[in-house]
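Here's the structure, in structure tokens; my notes come after.
The values are calculated or read from the model by the stated rules, or taken from the named source; none is laboratory data. The structure presented is a predicted model; accordingly, all values stated were derived computationally and were not measured. Neighbour counts are summed over all protein chains in view; Cβ atoms, including those assigned to glycine, are modelled from backbone coordinates with ideal geometry.
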Amino acid sequence: MARILALDYGKVRTGIAVTDELQLIASGLTTVETKNLIIFLKDYVKNETVESFVIGLPKQMDNTPSESEKLIQPLVKKLSIEFPTIKMERQDERFTSKMAFQSMLDSGMKKKKRQNKALVDEISATLILQAYLNRI
């Protein structure tokens, strides 16, 4: 089987998570500068078989798209052009940043490490991916 890769897209950084080859476990992979995202993904898919990208879908509490969805749409279009054989999936990402921060607290992580926004983005991507896995 192939891996599923999840993206928690942001203006500055994008958190990335990935499944194992059996698509059972979601794990944080890394956080990359968003300007380098496509280059990173091209390198990654050269070495790993990726079945689909799961991209966070930011929504308001009333289920309407949030403002950041306008930033994500060009990424979705670019990914479909750059990686035409890889499926694109979307997953509601409401509360993932809060849940990521809470999981850092619950694990006893020190304050200095909890302030690492890149780590929060990576954990958020993992939560997005796990929610997707639970849904399919």
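Observations on the model:
- Each residue in segment 1-37 was checked for being closer than 17 Å to GLY56 by Cβ and assigned to a loop (DSSP other than H, G, I, E, B), and 4 of them qualify.
- Given (1) surrounded by 16 or more Cβ atoms within 10 Å (Cβ to Cβ); (2) more than 12 Å from the chain's Cα centre (by Cα); (3) modelled with pLDDT of 95 or more, index of the condition ILE16 fails: (2)
- Segment 21-36 residues that are farther than 11 Å from ALA118 by Cα, paired with ones that are in a strand (DSSP E or B) and of a type in the set (Asp, Glu) (beta carbon under 9 Å, 6 or more apart): GLN23/GLU51
- Within segment 52-72, the set of residues being among the polar types (S, T, N, Q) and modelled with pLDDT of 95 or more comprises just one member, SER52.
- When residues in segment 46-67 are screened for being of a type in the set (Gly, Ala, Ser) and either in contact (Cβ under 8 Å) with a residue 40 or more places away in the chain or assigned to a strand (DSSP E or B) (or both), 2 of them pass.
- Of all residues in segment 50-80, those that are more than 17 Å from ALA17 (Cβ to Cβ) and of a type in the set (Gly, Ala, Ser) total 3.
- Some residue of segment 38-45 being of a type in the set (Phe, Trp, Tyr), surrounded by 13 or more Cβ atoms within 10 Å (Cβ to Cβ) and part of a helix (DSSP H, G or I): yes
- Selection from segment 99-136 of residues that are of a type in the set (A, V, I, L, M), at pLDDT 65 or above and assigned to a helix (DSSP H, G or I): ALA118, LEU119, VAL120, ILE123, ALA125, LEU127, ILE128, LEU129, ALA131, LEU133
- Checked against the criterion of being of a type in the set (Lys, Arg) and closer than 15 Å to GLU82 by Cβ, segment 12-22 contains not a single residue that satisfies it.
- Condition met for LYS78 (surrounded by fewer than 19 Cβ atoms within 10 Å (Cβ to Cβ), over 16 Å from ILE123 (Cβ atoms) and touching a Lys or Arg at 6+ places or on another chain (Cβ under 6 Å)): no
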